[in-house]
Each structure stands twice: as C-alpha cells, then as structure tokens.
Amino acid sequence: MKDISSILNTGELSVGGKLWLESGGKRWFGPGPVELLEYIELTGSINQAAKKMEMSYKKAWEIVNHLNTITHRPLVITATGGEKGGGSTISDEARELIGYYRQLRLRFKKFLDEETERARK
C-alpha cells in the first residue's frame, strides 16, 4: 500500500477516533460518564463530582438518571439526608463497566496506532 501520509502537505498523518458504547443506536457510555462515575466514587457525591468536572449539577443528574434507567440495576446508588447528609456511591456493575471500558480504550488505542503505522508505510 502507498504511504497515505505522502498525500498531505502539512504535518504527520495519524489515525484518530472516538469510542463509546451504544444501545438502540444511541450513545450512552463513554469518557464523560466514566469520568463522572469515577468522581462520584472518589467524592461520594454527585454534586462534588459535577464540580470537579466543571459540569452543572443538573447535567450530572441527567447523566446519572440516564445511566440508571438504561441498565438493569442502578450504576449510581444515592442516599438521602440524615445524620451524615446522604451521599452517593457507584455499584459493582458500574465498576465492572468502567473496567471494561478502560480495557476497550486500550485495545482501541492499539488499533489506532497500528492503523497510523499502516497509513505511513
């Protein structure tokens, strides 16, 4: 195969792409939800997770509600007030899904790197 990068007159060619999970043809899980879930686990709070991501609390709740609706069991478990003021945590299923997505990203990066090399030959 011809070196595709020789067609360019600027910069070095690389193959890029974005990765997410879909259901019914609609995106539902990718970098944003992964980051939100990880921050919820870290902070114990949807509100604090949203702040760390510089996202509105409303948007974070929309994502959490969507995730909890699209899955058989909730990915985010919330507790209302009380002595400790409530809080949130993520389920084991959420941790499994995050792990799967992280491994999928590694395989995807390897694929993109291989295709970049192929395009440069």
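For residues that are closer than 16 Å to Val64 by Cα and either over 13 Å from the mean Cα position of the chain (by Cα) or not aliphatic (A, V, I, L, M) (or both), scanning just segment 87-121, find the one that is surrounded by the most Cβ atoms within 10 Å (Cβ to Cβ). Among those residues, the one meeting the criterion is Ile90.
Taken over segment 50-71, the criterion of being in contact (Cβ under 8 Å) with a residue 12 or more places away in the chain and closer than 20 Å to Arg27 by Cβ is satisfied by Ala50, Met53, Met55, Ala60, Trp61, Ile63, Val64, His66, Leu67, Ile70, Thr71. Looking only at segment 1-58, filter to residues that are acidic (Asp, Glu) and within 30 Å of Arg118 (Cβ to Cβ); which one of those is surrounded by the fewest Cβ atoms within 10 Å (Cβ to Cβ)? Restricting to residues being acidic (Asp, Glu) and within 30 Å of Arg118 (Cβ to Cβ), the top hit is Glu12. Cβ contacts < 8 Å: first residue closer than 27 Å to Pro74 by Cα, restricted to segment 97-121; second residue of a type in the set (Asp, Glu), any location; separation 6+ or different chain. Result? Sorted first by the residue in segment 97-121, then by its partner, the pairs are Ile98/Glu38. Answer with yes or no whether Lys109 is modelled with pLDDT of 95 or more, in contact with a helix residue (DSSP H, G or I) (Cβ under 8 Å, 6 or more places away or on another chain) and among the basic types (Lys, Arg). Here the answer is no, as Lys109 does not meet what is asked.
Of everything listed in (1) part of a helix (DSSP H, G or I); (2) over 11 Å from Ile90 (Cβ atoms); (3) out of contact with any Pro (no Cβ under 8 Å at 6 or more places or on another chain), the single unmet condition for Ile63 is (3). Checking the stated criteria, Thr78 turns out not to satisfy the condition of being of a type in the set (Val, Ile, Thr), modelled with pLDDT of 95 or more and not in a helix (DSSP H, G or I).
The values are calculated or read from the model by the stated rules, or taken from the named source; none is laboratory data. Given the structure is predicted, the values throughout are model-derived calculations rather than measurements. Every residue, glycine as well, gets a Cβ built from its backbone with ideal geometry; the counts of neighbours run over all protein chains shown.
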